[in-house]
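The values are calculated or read from the model by the stated rules, or taken from the named source; none is laboratory data. Since the model is a prediction, treat every value here as computed from it, not as a measurement. Because the Cβ atoms are built from the backbone with ideal geometry, glycine has one as well, and the counts that use them run over all protein chains shown. To get the accessible areas, we keep the full protein, side chains included, count just its heavy atoms, and leave off ligands, DNA and RNA. Shrake-Rupley method; radii C 1.70, N 1.55, O 1.52, S 1.80 Å.
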Amino acid sequence: MRFRRRTSLSVALALLIAACSAGPAEETAPAKPRLGLFSTLPIYWGEGDVAALIDSGAEPDWVRVELESRYDLVPLDTLEPDALAGIDRVILAQPRALAPSENVSFDQWLAAGGEALIFADPMLTRHSEYPIGDRRRPQDVVLLSPLFDHWGLELTFDETQPGEEQVLPVAGLPVPVRLHGRFVRNDSGAEERTCTTHDEGLVARCAVGQGTALVLADAALLDWDGSAPVPERRKDALQALLGGFGARESLPRD
């Protein structure tokens, strides 16, 4: 009996010493919100064969770095319901043409409370190593007309505009654009889907059911050739647009 008491006392003492000597518990970083990325631009993987890119150890695209600074980035290959499940925010950056079922799925996802930031460029100016017609090349002309038409929105393009990059105000922010489009409203919008245009049509804000979409008629903001550090004003503009997520009232209105 005396041996058992000594053993129990020794175990309790050892546990007490271990507890006292242990340092403070490590704090677990809060989980970042998930952000879906659906794009033909080489933002997530870069341009080229994926295996070669991994082996080369190339620096990730600056846009990916900025997105991952505040989000758990989820690359999407489709906008079908299974892919969008569990994601509240999505960026469409010069996406490929959507299948009819994807148009329906994405619209319903938005209507249920999803939030989207869409870069829709009518004349993409980003350089690509792949020739026109190569399926690996980014989408040169955005093809989202069925979705925009359903929201009462039309993307137009002025062929007489200057070809060089300009800096224009978007919701009060200086944003670089090049061969950009303009949005105009039409009467084709479905019930509970309304869009307002701002900054002379360069940007549109759409209320889709319980969700919102901020749509920019250009994608030049996401460009950079890597020949020099990315200008901070470019990063600031992207982060400011991302700040529209979760802040319906902060987005531009008429």
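Enter the mean projected area of the convex hull around the alpha-carbon atoms of the stretch 45-166, in nm², rounded to one decimal. Each step should come with its number before you reach the end.
On the way: hull surface 38.8 nm².
Over all viewing directions, the stretch 45-166 projects a mean Cα-hull area of 9.7 nm².
Distances over 13 Å make up what percent of all Cα-Cα pairs in the stretch 137-213? Before the final figure, lay out each step's value.
Values: 2062 of 2926 pairs.
Pairs farther apart than 13 Å: 70 percent.
As a test of reading the structure, rank 45, 62, 224 by solvent-accessible area (1.4 Å probe, protein chains only), most first. All intermediate terms of the calculation are to be shown ahead of the outcome.
Values: 45 135, 62 25, 224 85 Å².
Ranked from most to least accessible, the order is 45, 224, 62.
Could you give the radius of gyration (one decimal) and Dmax (whole number) of the Cα atoms in the stretch 202-249, in Å?
13.3, 43
Using only the C-alpha atoms of the stretch 107-156, find the volume of their convex hull and express it per residue in Å³.
Numbers: hull volume 5.4 nm³, N = 50.
So the per-residue Cα hull volume is 109 Å³.
Give the residue list of trypsin sites (Lys or Arg not before Pro) in the stretch 119-226 that are DSSP loop and have at most 13 other beta-carbon atoms within 10 angstrom. Write out the running numbers ahead of the final one.
Working: sites: 126, 135, 136, 178, 182, 185, 193, 205; in loops: 126, 135, 136, 178.
When the trypsin sites (Lys or Arg not before Pro) of the stretch 119-226 are filtered for loop state and at most 13 Cβ neighbours within 10 Å, 135, 136 remain.
Tally up the carbon and sulfur contribution to the accessible surface of the stretch 42-197 as a whole percent, 1.4 Å probe, everything protein left in place. If you can, show how the numbers build up before the last one.
Working: 4140 of 8120 Å².
Using a 1.4 Å probe with all protein chains present, the stretch 42-197 comes out at 51 percent carbon and sulfur.
Rounded to the nearest 10 Å², what accessible area does residue 180 show when all protein chains are kept and the probe is 1.4 Å?
10
Apply the Karplus parameterisation 6.51 cos²θ - 1.76 cosθ + 1.60, with θ equal to phi minus 60°, to every residue of the stretch 124-137 and state each ³J(HN,Hα) to the nearest whole Hz, in sequence, with x for glycine and proline.
4, 10, 5, 5, 9, 6, 8, x, 4, x, 6, 5, 7, 6
In µm²/s, what is D for the stretch 158-254 at 10 °C and 1.306 mPa s, where D = kT/(6 pi eta Rh) by Stokes-Einstein and Rh is the Kirkwood radius from Cα pairs? Working shown, then result.
Working: Rh = 14.6 Å.
Value of D from the Cα-based Kirkwood radius: 109 µm²/s.
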